[in-house]
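Trainee: Before I ask anything, let me first share the structure, which is written out below as structure tokens.
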Amino acid sequence: MGLIRLITIVFILNLSDATDRHPRGYETEFCIIGAGPAGLQLGYFFQKSGMDYVIYERSNISGSFFLKYPRHGRLISINKRNTGSSNKEFNLRHDWNSLLSDEESLLFRHYSSDLFPHKETMIKYLNDFSKHFRLNIKYNTEISNIRMASMTDDNRHEVFLMDDQHNNTKTCRVIIVATGLWKPFVPDLPGLELTESYDDLSLDPEDYEAKSVMILGRGNSAFETADAIYSKTNFIHMVGRRRIRLAWETHYVGDIRAVNNGLLDTYQLKSLDGLMEFNNVSAFRVVAEGGKLFLRDRSNTSMLHPYDNDPLNTPYDKIIRCLGFTFDKSIFNNDSCVPLGRGRLAKYPRIRPDYQASAIRGLFFAGTLAHSLDYRKSAGGFVHGFRYTARALYNILRQKYKNKSWPSVRLPLADLATTILKRVNEASGLYQMFSILGDIVLINREEQNFQYLEEFSLGMLHNLEYLTGVTVGSSSVLVVVLQYGHDYHGPQEDVFRVDRASTDPVYAELSNFLHPVLYYYDVLPTRMYTT
């Protein structure tokens with residue numbers, strides 16, 4: 001009992017010290033962890049509006065992820081410099097690398113003429129962006145031990161405390177974690193030490209000369225690796241849990257991109273390379289025999305298949321793990337305080353559609369870490385998607401903590417059709433974050449006008465008034481969104497069939513591609529919107 005009282009007294013004294021130093025109870029109102037693309041995008045909006053914020057970055061530069069990744073140097077985000085249009089908003093539909101800003105010179109098209117630029121170009125771009133807007137970034141500051149504390153003053157509130165590598169304690173009212181997915185996933189695989197990982201494999205092609213290679217994993221990092229070495233190898237066998245999903249089949253940019261899938265040619269055109277499916281890599285173990293590597297069943301020493309000509313009985317010189325990345329939640333003082341998602345979302349923190357942690361008030365996630373909300377549905381895991389979700393998060397925070405309403409315009413009802421058509425034909429946020437972000441139109445028939453809000457997170461439509469500060473009242477609600485049809489894609493669909501699209505408006509709804517869709521409600525829905 002005495003020990004508990006002592007700990008409590010010390011804790012209160014520490015909080016009192018923090019309050020004395022900062023009369024409002026915290027040092028900074030908004031703390032962003034990570035100066036990658038998402039952190040910089042949020043920083044831009046905070047800086048532009050004069051909000052109290054800081055970005056903490058453990059490295060000495062912005063975008064430090066790109067110092068190492070992608071390992072073989074080439075980005076797979078499209079840098080389409082020419083569209084035949086001078087409309088900036090339309091052109092952003094086809095620019096996958098630029099952050100949102102009002103500075104023309106900070107469009108990525110001015111940094112590279114390559115359709116798929118090199119990672120060094122992204123590093124230069126991000127650091128130019130942060131310097132140009134003089135973002136408040138504290139470099140060489142590694143944050144850890146994030147925790148919550150209750151503090152009482154005129155307005156009772158909670159604050160976050162966290163430490164840097166020098167044991168300096170910092171206090172924040174709100175934390176936005178934008179560290180990305182950078183921690184390599186390490187499977188439970190006996191013999192793991194005999195394998196190599198995507199994050200530390202050799203980049204020298206000569207190291208793969210006349211080698212037989214197995215790659216565990218079938219995502220873009222696996223195909224990137226295969227593409228870099230398959231001209232040198234005897235063969236490559238690539239192992240995954242399920243059949244491959246090609247981005248041009250699924251319209252999901254996280255699936256296999258054509259820029260790196262040369263191995264599919266050599267596989268299908270009988271050039272020794274191969275693809276195999278196993279349910280779970282943890283069912284196996286890696287063993288070394290006679291200077292070669294083999295996969296064995298984990299439960300015994302037998303080969304996976306007893307047939308002499310089974311490809312898995314072939315010895316390998318190298319086994320490379322390309323199994324993706326996961327969220328590093330070690331920055332929190334208690335791992336259990338930030339639960340992860342379930343199933344295929346287990347690598348992401350569990351969050352609500354307003355980007356807030358499911359169980360912790362005042363803790364938000366941005367960038368790739370918010371991709372659980374649209375995983376395999378839209379582009380929120382990539383720069384050309386999360387630049388818009390970052391803006392949506394900024395608007396939510398501005399209303400929640402500064403009582404500033406979501407940006408909107410009010411126009412005569414006669415302008416409704418032309419306003420919607422313009423957005424459908426030009427808007428980049430609707431185009432990239434299809435089915436997730438939508439425009440909200442509040443129609444006031446009595447006054448013969450409408451209020452137009454752009455790119456709201458549709459998963460929180462039922463909380464529109466609370467998150468935007470806009471009063472719906474008796475207005476009817478129109479949602480404008482871009483969506484694919486129900487049978488638009490699939491790994492087993494013929495997406496190049498002759499009737500995939502039509503120029504005849506009679507058959508327009510049968511097109512494989514994006515459709516403008518309008519949802520009308522007499523009153524604001526009281527239940528969550530689902531795509």
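The values are calculated or read from the model by the stated rules, or taken from the named source; none is laboratory data. All values reported here derive from a predicted model rather than from experimental measurement. Heads up, the Cβs are rebuilt from the backbone with ideal geometry, glycines too, and the neighbour counts pull from every protein chain shown.
Trainee: Among the listed residues Ile360, Ile396, which satisfies the condition of being in contact (Cβ under 8 Å) with a residue 12 or more places away in the chain, touching a helix residue (DSSP H, G or I) at 6+ places or on another chain (Cβ under 8 Å), buried (at least 19 other Cβ atoms within 10 Å of the Cβ) and more than 30 Å from Tyr125 (Cβ to Cβ)?
Mentor: Just one listed residue meets the conditions, Ile360.
Trainee: Is it true that some residue in region 397-414 is touching a Pro at 6+ places or on another chain (Cβ under 7 Å), not in a strand (DSSP E or B) and not small (Gly, Ala, Ser)?
Mentor: Keep residues of region 397-414 that are touching a Pro at 6+ places or on another chain (Cβ under 7 Å), which gives none.
For region 397-414, residues touching a Pro at 6+ places or on another chain (Cβ under 7 Å), not in a strand (DSSP E or B) and not small (Gly, Ala, Ser): absent.
Trainee: Would you confirm whether or not region 144-157 contains a residue that is touching a residue at least 60 places away in the same chain (Cβ under 8 Å), of a type outside the set (Ser, Thr, Tyr) and either at positive phi or not assigned by TED's automatic domain parsing to the domain that holds His371 (or both)?
Mentor: Yes; the residues of region 144-157 include at least one that is touching a residue at least 60 places away in the same chain (Cβ under 8 Å), of a type outside the set (Ser, Thr, Tyr) and either at positive phi or not assigned by TED's automatic domain parsing to the domain that holds His371 (or both).
Trainee: What number of residues within region 189-203 satisfy the criterion of being touching a helix residue (DSSP H, G or I) at 6+ places or on another chain (Cβ under 9 Å) and among the hydrophobic types (A, V, I, L, M, F, W, C)?
Mentor: 3
Trainee: Continuing with this model, one more query. If Ala370 passes every condition in (1) more than 19 Å from Pro37 (Cβ to Cβ); (2) in a helix (DSSP H, G or I) but one, which one does it miss?
Mentor: Among (1) more than 19 Å from Pro37 (Cβ to Cβ); (2) in a helix (DSSP H, G or I), the lone unmet condition for Ala370 is (1).
Trainee: Could you list, in sequence order, the residues of region 399-426 that are surrounded by fewer than 16 Cβ atoms within 10 Å (Cβ to Cβ), acidic (Asp, Glu) and closer than 30 Å to Gly39 by Cβ?
Mentor: none
Trainee: With assigned to a helix (DSSP H, G or I), more than 24 Å from Gln492 (Cβ to Cβ), out of contact with any helix residue (DSSP H, G or I) (no Cβ under 7 Å at 6 or more places or on another chain) and not assigned by TED's automatic domain parsing to the domain that holds His371 as the only criterion, which of Glu249, Glu206 stands out?
Mentor: So the residue among Glu249, Glu206 that is assigned to a helix (DSSP H, G or I), more than 24 Å from Gln492 (Cβ to Cβ), out of contact with any helix residue (DSSP H, G or I) (no Cβ under 7 Å at 6 or more places or on another chain) and not assigned by TED's automatic domain parsing to the domain that holds His371 is Glu206.
Trainee: Any residue at all in region 483-494 that's assigned to a strand (DSSP E or B) and within 30 Å of the chain's Cα centre (by Cα)?
Mentor: Yes: one or more hits.
Trainee: Quick check on region 293-303: of everything there that is within 38 Å of the chain's Cα centre (by Cα) and either of a type in the set (Asp, Glu) or not in a loop (DSSP other than H, G, I, E, B) (or both), which residue is modelled with the highest pLDDT?
Mentor: Restricting to residues being within 38 Å of the chain's Cα centre (by Cα) and either of a type in the set (Asp, Glu) or not in a loop (DSSP other than H, G, I, E, B) (or both), the top hit is Leu293.
Trainee: Further, regarding this structure: So how many residues does region 313-336 have that are free of Cβ contacts under 8 Å to residues at least 60 places away in the same chain, surrounded by fewer than 16 Cβ atoms within 10 Å (Cβ to Cβ) and either under 26 Å from Asp163 (Cα atoms) or β-branched (Val, Ile, Thr) (or both)?
Mentor: 2
Trainee: Can you name the condition, by its number, that Lys377 falls short on among (1) surrounded by 18 or more Cβ atoms within 10 Å (Cβ to Cβ); (2) outside any strand (DSSP E or B)?
Mentor: Only one criterion in (1) surrounded by 18 or more Cβ atoms within 10 Å (Cβ to Cβ); (2) outside any strand (DSSP E or B) is unmet by Lys377, namely (1).
This table checks each residue for (1) buried (at least 18 other Cβ atoms within 10 Å of the Cβ); (2) in contact with an Asp or Glu (Cβ under 7 Å, 6 or more places away or on another chain).
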{"position": "Val54", "(1), (2)": "yes, no"}
{"position": "Arg58", "(1), (2)": "yes, yes"}
{"position": "Ile61", "(1), (2)": "no, no"}
{"position": "Ser64", "(1), (2)": "yes, no"}
{"position": "Lys80", "(1), (2)": "no, yes"}
{"position": "Ser86", "(1), (2)": "no, no"}
{"position": "Glu103", "(1), (2)": "no, no"}
{"position": "His118", "(1), (2)": "no, no"}
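Trainee: Moving on to the next point. Could you say which residue among Tyr69, Tyr26 is at pLDDT below 95, aromatic (Phe, Trp, Tyr) and assigned to a loop (DSSP other than H, G, I, E, B)? Walk me through it before giving the result.
Mentor: Details: Tyr69 fails: at pLDDT below 95.
The unique qualifying residue is Tyr26.
Trainee: Identify the single condition in (1) within 21 Å of Gly39 (Cα to Cα); (2) within 26 Å of the chain's Cα centre (by Cα); (3) among the β-branched types (Val, Ile, Thr); (4) assigned to a strand (DSSP E or B) that Ile215 does not satisfy, given that it satisfies every other one.
Mentor: Going through (1) within 21 Å of Gly39 (Cα to Cα); (2) within 26 Å of the chain's Cα centre (by Cα); (3) among the β-branched types (Val, Ile, Thr); (4) assigned to a strand (DSSP E or B) one by one, Ile215 breaks only (1).
Trainee: Of (1) assigned to a loop (DSSP other than H, G, I, E, B); (2) of a type in the set (Lys, Arg); (3) under 17 Å from Leu192 (Cα atoms), Lys270 satisfies all except one. Which?
Mentor: Of (1) assigned to a loop (DSSP other than H, G, I, E, B); (2) of a type in the set (Lys, Arg); (3) under 17 Å from Leu192 (Cα atoms), only one is false for Lys270: (3).
Trainee: Go through region 101-185 and tell me which strands (runs of 3 or more DSSP E), entirely inside it, have 1 or more residues that are in contact with a strand residue (DSSP E or B) (Cβ under 9 Å, 6 or more places away or on another chain) and among the polar types (S, T, N, Q).
Mentor: It comes to 144-151, 169-177.
Trainee: Here's a follow-up. Looking at region 447-459, which of its residues are part of a helix (DSSP H, G or I) and crowded, with 20+ Cβ neighbours inside 10 Å?
Mentor: Matches in region 447-459: Leu458 only.
Trainee: Any idea which of Asn140, Asn91, Asn127 is at positive phi and in the same structural domain as Pro70 (by TED's automatic domain parsing)?
Mentor: On inspection, the qualifying residue turns out to be Asn140.
Trainee: Shifting gears a bit: Looking only at region 212-233, how many residues end up being in contact (Cβ under 8 Å) with a residue 60 or more places away in the chain and not charged (D, E, K, R)?
Mentor: Final tally of qualifying residues: 12.
Trainee: Then there is this: Please determine whether any residue of region 85-100 is without any contact (Cβ under 8 Å) to a residue 40 or more places away in the chain, farther than 28 Å from Ser202 by Cβ and among the hydrophobic types (A, V, I, L, M, F, W, C).
Mentor: no
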